[in-house]
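For reference, the structure is listed below as structure tokens.
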Amino acid sequence: MTKETSALEKARASYAPKLPGILKKGIRNIAVKNGKVAKPPADAAKIKEIFPLTFGSAILKLAKGAGPENLRAINLGVVLSGGQAPGGHNVITGIFDGIKDVHPDSRLYGFKGGPKGIFTEKYIELTADFVNPYRNTGGFDMIGSGRDKIEKPEQLEACKNVCQKLALDALVIIGGDDSNTNAAVLAEYFVKENVRTCVIGVPKTIDGDLKNEVIETSFGYDTASKVYSELIGNICRDSKSAKKYWHFIKLMGRSASHITLECALQTHPNIVIIGEEVKAKNMTLQQIVESIAEVVKKRSEEGKNFGVCLVPEGLIEFIPEVRILISELNKILADHAAYFNTIRTFTDQQEFINQKLSKDSSYVFSSLPAHIQQELLAVRDSHGNLQVSRIETEKLLIEQVSEMLAEWKVEGKFKGKFSPLAHFFGYEGRCAPPSNFDADYTYALGRTAVVLAAFGKTGCIVAVQNLSAPAAKWKAGGVPLTSLMNIEERKGKPTPVIKKALVQLDGAPFKAFAAQREQWTLNDDYVYPGPIQYFGKADVSDVPTKTIVLERAK
Ligand code: FBP
């Protein structure tokens, strides 16, 4: 029996991603030119010490030229790493079409289940029959993904062995900050070991926090933000129609609040919390709760006992006292992992943790509801990150705002009604069919990765630029991975990692939001973006995020 596919899937199968002008020329007419040497803005000496062989390389630019010398069949490996993001499959189809442009006998291998697939030799050859059904589809199910770190000597050696066994000219790691840190480590190791496989990263994450001046955005951010904005717009309209609920919507974004900011710009909700602003203003949990309760009160005085509040997933780590608590917990859990895992009851876990925490953090920990305490103690991912998507910050805020309003009611300060509902939008957006922007962008990323590989470039991440312009005007190239790194504490130890790009409070997107938010508080100035459009006029179906447009307008 043939598998049923949706009408949209059928129609999207024949979508031809729009290519930047330079990539339309084909490999025989492209050169890779060196731009200026790129170094990390901070911790350069330390990073150079750790990555002596790949540090200090140049920014790479694709330009008109004579193509690589001795064009021959090449072998590439590809791996999807970390959380799903719309467009991952198109990076792979871009790589596939790119290697066939280099030579029809070129081969592509997909490592299954994330980085672990490399060091455990779980791979599959990706043929035309295999990849074609995945063109322009969402998800990472073509080869799967995972969050394993490549760090132990035996893992590095196993990666070397499989790359040599498959005679890989390049390994393309499609991932976020942690996965591209893996790519940097592997690139350095391969150069040291004389392994001829280049390691090339591709910027992926719906969170939008893998970017800088050269990498304008990570793929998936466009589609995911648009899916959430559609849902938020619908909720705003429901709220305004029913006039009886306050909707608290937590939005994915493990650290940075880029998704929340983009969704705010697209939908104009009544309250929007931006984690980076909370940190900059040193706001305590109590102050955040009070600021929300104030808006609920003011709206109720205008007869509006409804509204919409956006909460970024990463908020919890931006609240200064909770940030210190989490850092202490990370260290305690890393240092005492074996013993902690033997503690059977939550009460005993609480007691153990409270003994180890500083006095201030112990007070903060004890003041949090038990369900949040349990979530804070849950297992970290293999990179030592707290899994913030599991922390019900939206519910914590609802509980605390309800308590504050109840007190104000007794004092006669609040006379309205507060019926809150909690939502979490995250997984709903990560595997959506990629928007035209993401379908085009990811395909271009894949094609560019092949050009860099054909020119033997290693230790770099693909950069496709000028993204607020039509795709034909996009530029393509690469940036040294080490130039994106800094030193951060991981599992309680200073570690070189790709630096996350947080929301800049002096950046254009935040400023545009800050200029309007007051007006959104009391007025119901909601905007309803509706679903992503895949067909039709470019001004409806090809528009990039407001974030990109505002950032690139400068
Ligand atoms: P990446 O950084 O790997 O792209 O993942 C981002 C993300 O979607 C976050 O927004 C979220 O906190 C996390 O993944 C959820 O992880 P998991 O898929 O392991 O539940």
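The values are calculated or read from the model by the stated rules, or taken from the named source; none is laboratory data. Only a predicted model underlies this, so the values are computations on that prediction, with no experimental measurement involved. Cβ coordinates were reconstructed from backbone atoms using ideal geometry, including for glycine residues, and neighbour counts include every protein chain displayed. Side chains included, ligands, DNA and RNA excluded: accessible areas come from the protein's heavy atoms. Shrake-Rupley method; radii C 1.70, N 1.55, O 1.52, S 1.80 Å.
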* Of the numbered conditions (1) within 11 Å of the chain's Cα centre (by Cα); (2) in a loop (DSSP other than H, G, I, E, B), residue 216 satisfies every one except a single condition; which is it? -> (1)
* Asked: Which one of the conditions (1) loosely packed, with under 12 Cβ neighbours inside 10 Å; (2) not in a helix (DSSP H, G or I); (3) not basic (Lys, Arg) does residue 519 fail to meet, given that it meets all the rest?
  -> (2)
* To do: With the checklist (1) away from the ligand (no atom under 16 Å from the Cβ); (2) open to solvent by less than 50 Å² (accessible area, probe 1.4 Å) in hand, flag the one item residue 385 doesn't pass.
  => (1)
* Structure fact -> If we keep only residues of region 198-224 that are within 13 Å of the ligand (Cβ to nearest atom) and of a type in the set (Asp, Glu), then the residue surrounded by the fewest Cβ atoms within 10 Å (Cβ to Cβ) is 209
* Asked: Quick check, is residue 472 of a type outside the set (Val, Ile, Thr), away from the ligand (no atom under 16 Å from the Cβ) and in a strand (DSSP E or B)?
  -> no
* Taking only region 304-336 into account, find how many residues are among the small types (Gly, Ala, Ser) and at pLDDT 95 or above. => 1
* To do: Check region 494-511 and report whether any residue there is farther than 30 Å from residue 182 by Cα and of a type in the set (A, V, I, L, M).
  => yes
* Please indicate, with yes or no, whether at least one residue in region 128-138 is under 17 Å from residue 191 (Cα atoms) and open to solvent by 50 Å² or more (accessible area, probe 1.4 Å). => no
* Structure fact -> Scanning region 424-441 residue by residue, those under 24 Å from residue 235 (Cα atoms), open to solvent by less than 40 Å² (accessible area, probe 1.4 Å) and not hydroxyl-bearing (Ser, Thr, Tyr) turn out to be 425, 426, 429, 430, 432, 434
* Taking residue 494 as the residue in question, decide whether it is open to solvent by 40 Å² or more (accessible area, probe 1.4 Å) and modelled with pLDDT of 95 or more. => no
* Asked: Out of all the residues in region 391-405, is one or more open to solvent by less than 20 Å² (accessible area, probe 1.4 Å), away from the ligand (no atom under 16 Å from the Cβ), in contact with a helix residue (DSSP H, G or I) (Cβ under 9 Å, 6 or more places away or on another chain) and modelled with pLDDT under 95?
  -> yes
* To do: Looking only at region 334-357, decide whether some residue is free of Cβ contacts under 8 Å to residues at least 40 places away in the same chain, within 16 Å of the ligand (Cβ to nearest atom) and small (Gly, Ala, Ser).
  => no
